[in-house]
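Notes follow once the structure below has been shown.
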Amino acid sequence: TNTYNQYAKEINSKDDFNTLTYISSHDTGLCRNDLYYQGSALLLLPGGVQIYYGDETNRGTVDCTINDHRIRGFMNWDNMDKNVLAHWQKVGQFRNDHVAVGAGSHTKLNATNGVAFARSYNKGGVSDNVVCVIGANNNANITITLNGAFANGTTVRNAYDGKTATVQNGAVTFNSGAHGTILVEKVEGVT
């Protein structure tokens with residue numbers, strides 16, 4: 001969360017600062033360690049993010065005697081990991097739907113498990129708030145202390161699985177699902 005906090009702080013305080021983050025590239029190699037966690041961690045970073053082709057589908061290396069060409073194979077159209085792809089699409093859609101993810105201020109939150117944080121954006125007549133948990137134990141009920149990110153009585157949804165809950169006593173509980181990711185947004189049109 002220190003990286004998240006630092007990036008958000010710099011982006012929101014300096015007009016000439018932004019970041020572009022990636023986990024794989026043609027120069028650095030392929031990151032293939034827990035692509036569910038890596039997808040959540042990358043796609044929820046403040047600033048710009050770049051997906052190297054195949055990160056979202058678990059594209060492997062190819063046999064080649066030129067070492068750096070091993071990571072430059074064809075896209076794995078015929079053997080994509082559709083579970084990894086579905087995860088990246090869900091988190092990517094959440095990022096696309098919420099300007100606060102990439103451009104909002106960052107606040108660390110407490111949760112019963114995982115890394116929890118809020119992002120808030122309020123500029124130029126646009127207001128957006130989200131709360132996220134990544135790296136939680138899989139299939140666990142996680143209670144997030146919201147620190148005012150959403151008021152008591154507010155109906156919120158975990159955009160990852162579509163389940164809703166009402167904020168009570170400054171907290172909300174959602175299940176972390178099979179990949180330890182919770183993406184909380186306000187249900188529009190409901191208090």
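Cα axis of helix 82-97 to longest principal axis of the chain: angle in degrees, 0 to 90, nearest 10? Orientation of helix 82-97: about 50 degrees from the principal axis. Take the chain and mark each of the trypsin sites (Lys or Arg not before Pro) that is in a DSSP loop with at most 16 other Cβ atoms within 10 Å; the longest unmarked stretch, sites excluded, is 73-162. Put D161, D128 in order of accessible area, highest first, and with a 1.4 Å probe you get D161, D128.
Residues in segment 7-154 average 53 Å² of solvent-accessible surface per residue, probe 1.4 Å, ligands and nucleic acids excluded. Under 12 Å from a label point set 7 Å out along the Cα-to-Cβ vector of I51, the amide N atoms of segment 90-109 belong to 90-96.
Placing a label point 7 Å from the Cα of N122 along the Cα-to-Cβ direction, the residues of segment 76-105 whose backbone N falls under 15 Å of that point are 100, 104-105. Each of the chymotrypsin sites (Phe, Trp or Tyr not before Pro) that DSSP puts in a loop and that has at most 10 other Cβ atoms within 10 Å breaks the chain; the longest unbroken stretch is 78-191. Take every pair of alpha-carbon atoms less than 8 Å apart whose residues are at least six positions apart; their mean separation over the length of segment 77-191 yields a relative contact order of 23 percent.
Taking the chain as the region of interest, the number of lysine pairs whose Cα atoms are within less than 21 Å, with members eight or more places apart or on different chains, is 11. Of the accessible area of the chain, computed with a 1.4 Å probe over protein heavy atoms only, carbon and sulfur atoms account for 45 percent. Centroid-to-centroid, using Cα positions, segment 78-103 and segment 1-72 are 13 Å apart.
The values are calculated or read from the model by the stated rules, or taken from the named source; none is laboratory data. Remember, predicted model here, so these are calculated numbers, not experimental data. Ideal geometry is used to build each Cβ from the backbone, glycine not excepted, and the neighbour counts take in all protein chains shown. For accessibility, only protein heavy atoms count, side chains too; no ligands or nucleic acids. Shrake-Rupley method; radii C 1.70, N 1.55, O 1.52, S 1.80 Å.
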